[in-house]
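Derivation of every value follows stated rules applied to the coordinates shown; laboratory data play no part. Source: prediction; values computed, not measured. Backbone-built Cβ (ideal geometry, glycine too); neighbour counts: all protein chains shown.
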Amino acid sequence: MKLVERLPLLPITNEEEHEAAKKMILDLTGRDGELSPVEVGYAKVLVQLIQAYESGVVGDFFDGVKGSEALKYLLEEHGMTQTEAAEIAGVSKQNLNDFLKGRRGLPKEARIRLSKRFKLDPRVFELARELSSV
């Protein structure tokens, strides 16, 4: 109950709550091996709340953004080359380049691989996003 008093297990709705939740997880993980089963359960639920918040923020961030624009942004933010991204996606560099220029979509498997690498919903990279914004 002391943990719940410090930080209730409620949906995270803003950046301040998000930061407090991440700090709590860091505090708990810093006590590795010393957590009771109740504390482990609390931490698991808190991680789910953090993930739900972050998923919503990322989803909102990419709303209305073309799949190619999202990938360009991610490559820049992660300091990744097109060659590296093509290898992760399992497509040729030319196919990835064509996607980035809006000439073609990416195969489903490529979208899934990229989404796993960047921890995003694969729909971020769908061709339909490209067509709907043209």
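Electrostatic bookkeeping for Ser115 treats Lys and Arg as +1 and Asp and Glu as -1; over the other residues with beta carbon under 12 Å from its beta carbon, the sum is +4. Put simply, the chain fits an ellipsoid with semi-axes of 37, 16, 11 Å; these come from the alpha carbon gyration tensor as the roots of five times its eigenvalues, largest first.
Counting only Cβ charges, +1 for Lys and Arg and -1 for Asp and Glu, the dipole size of the chain around its Cα centre is about 640 debye.
Computed over the Cα atoms of region 2-62, the ratio of the radius of gyration to the Kirkwood radius (Rg/Rh) comes to 1.00. Using C-alpha pairs under 8 Å with a sequence gap of at least 6, the mean separation divided by the residue count of the chain gives a relative contact order of 22 percent. Close lysine pairs were tallied over region 67-132: pairs 8 or more places apart or on different chains with Cα atoms under 15 Å apart number 4.
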